[in-house]
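The values are calculated or read from the model by the stated rules, or taken from the named source; none is laboratory data. As the structure is a computational prediction, the values presented were derived from the model and not from experiment. Backbone-built Cβ (ideal geometry, glycine too); neighbour counts: all protein chains shown. Only protein heavy atoms, including side chains, enter the accessible area calculation; ligands, DNA and RNA are left aside. Shrake-Rupley method; radii C 1.70, N 1.55, O 1.52, S 1.80 Å.
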Amino acid sequence: MLTTSRGIALLLAFAISGLTVLSLSLLNEISPTLLMVVGGLTFSFSILLLSVALEFLIFKEIETLQKNNTFRREFIADISHELKTPIFAAQGYVHTLLDGAIEDKNVRYKFLKRAAKSLKTLDKLVQDLLTLNQMESGVVKFHFEDFDLKDVILELIDQLEHKADKRKVIIRFYFDKGKTYRTSADKDKISQAIQNLIANAIKYNHHGGEVVINLKARKKTLAVEIKDNGKGIPQEDLNRIFERFYRVEKSRSREKGGTGLGLAIVKHILEGHKSKISVTSALGKGSIFSFTLPLIKPSKSGKGNWATAQ
Ligand code: ADP
């Protein structure tokens, strides 16, 4: 590659100096000696500048390739490690059963249930990986539609109530009943993002904790805030929790069936809406995750007619 770049620099330098000499030779008063000097100087300067510029570009290219390679290697290592954990666990239970534990009725049920839980984690992991991969490669298309965000949140609370009840966590949802909260977004994806955030607020809360969801309509945007009074996230981890597979406490996340991909997916979904997820947290007090979406105001001309607020 370097030989080619030198060749290109040489050719370009020839062309530049040739053109300069040719242009100058059209002026009658310039002597051949001066032309030769100018030609030589232009050639030297051009070759110097071009070599430096081309080598800089090539160096950059090599650096990017090396970075991509490292990234790919690390990603494959991470995935293998993540897949291994539930596979080993399920394998362990099944082998223990085959080695004789199957004769004991109580153990049989317990181990089968644990093996099923590991397989469920594996399934979730593969699904999350596919979603993330499709989003990162740009395969996933966002289908924007107008809908009321309040209804989506109410539906999600309905679905997650059972999970919260099991941990005696109360979910509160604050919004103004007299207002509409219409937005233009990909309904399924936004629903998935909010579901991940509420599920985390339940999962990383303490027994008997509280999850508060605030939905506010501002001038041009809708603000969503999901607040918990759980254990919080250390300051040094706050920037990293949106990276895939990053967990503050690995064992706690895995024990709760976490894949470490939920927040990375949330980040991508919001980026697809030109929005951003923000987080603030205080150790021992809880965390607040928030984001905004555009507000669609009803147009003045007619009922049920909506226009984007600009
Ligand atoms: P996981 O599947 O592990 O929950 P996520 O990507 O959803 O993966 O979250 C990444 C990590 O961020 C979690 O493992 C957890 O340590 C931390 N986290 C996320 N949400 C909260 C929260 N509401 N309270 C405390 N920690 C949280």
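Below is a table of values for the structure above.
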| read-out | value |
| --- | --- |
| Residues of type aspartates and glutamates that K177 reaches as a straight line, Cα spacing below 20 Å, ignoring anything fewer than 8 places off in the same chain | D146, D148, D151, E155, D158, E225 |
| Cα-based radius of gyration of the range 240-287 once divided by 2.2 N^0.38 Å, which approximates compact folds | 1.25 |
| Lys/Arg +1, Asp/Glu -1 at C-beta; the range 89-154 dipole; positive extreme among A116, T96, F147 | T96 |
| Cβ-Cβ FRET estimate between D123 and T221, R0 fixed at 35 Å, reported to 0.05 | 0.45 |
| Accessible surface of the range 20-158 [probe 1.4 Å, protein heavy atoms]: carbon and sulfur percent | 64 |
| Cβ-based charge dipole, the chain, positive-most Cα from I170, N229, I296 | I170 |
| Amide hydrogen neighbours beyond the local backbone of E210, cut-off 5 Å, H modeled | I170, N229 |
| Rounded accessible area of K179 (nearest 10 Å², 1.4 Å probe) | 90 |
| Projected area averaged over orientations for the range 40-161, convex hull of C-alpha atoms, nm² | 15.5 |
| Where labels lie 7 Å past Cα in the beta-carbon direction, separation of K166 and N69 in nm | 4.6 |
| Solvent-accessible area per residue for the range 1-142 (1.4 angstrom probe, square angstrom) | 75 |
| Stretchable slack from K297 to A282, in nm (0.36 nm times residue separation minus alpha-carbon distance) | 1.9 nm |
| Solvent-accessible area per residue, Å², over the range 167-310 with all protein chains present [probe radius 1.4 Å] | 51 |
| Translational D in µm²/s for the chain (Stokes-Einstein at 20 °C, 1.002 mPa s, Kirkwood Rh from C-alpha pairs) | 87 |
| The range 18-84 versus the range 190-244: alpha-carbon centroid distance in Å | 49 |
| The range 63-127 pair-distance distribution - Cα-Cα, 10 Å bins, rounded % | 21, 34, 22, 13, 7, 3 |
| Heavy-atom accessible surface of the range 165-310: percent carbon and sulfur, 1.4 Å | 48 |
| Accessible surface of Y204 - all protein chains present, 1.4 Å probe, nearest 10 Å² | 70 |
| Proximal aspartates and glutamates relative to K231, as straight alpha-carbon distance under 12 Å, when same-chain residues fewer than 8 apart are discounted | E210, E249 |
| Size of electric dipole in the chain: Cβ of Lys, Arg +1 and of Asp, Glu -1, about Cα centre, debye, nearest 20 | 1420 |
| Filter on K117/K267; K124/K203; K124/K274 - keep pairs with C-alpha separation over 18 Å | K117/K267; K124/K274 |
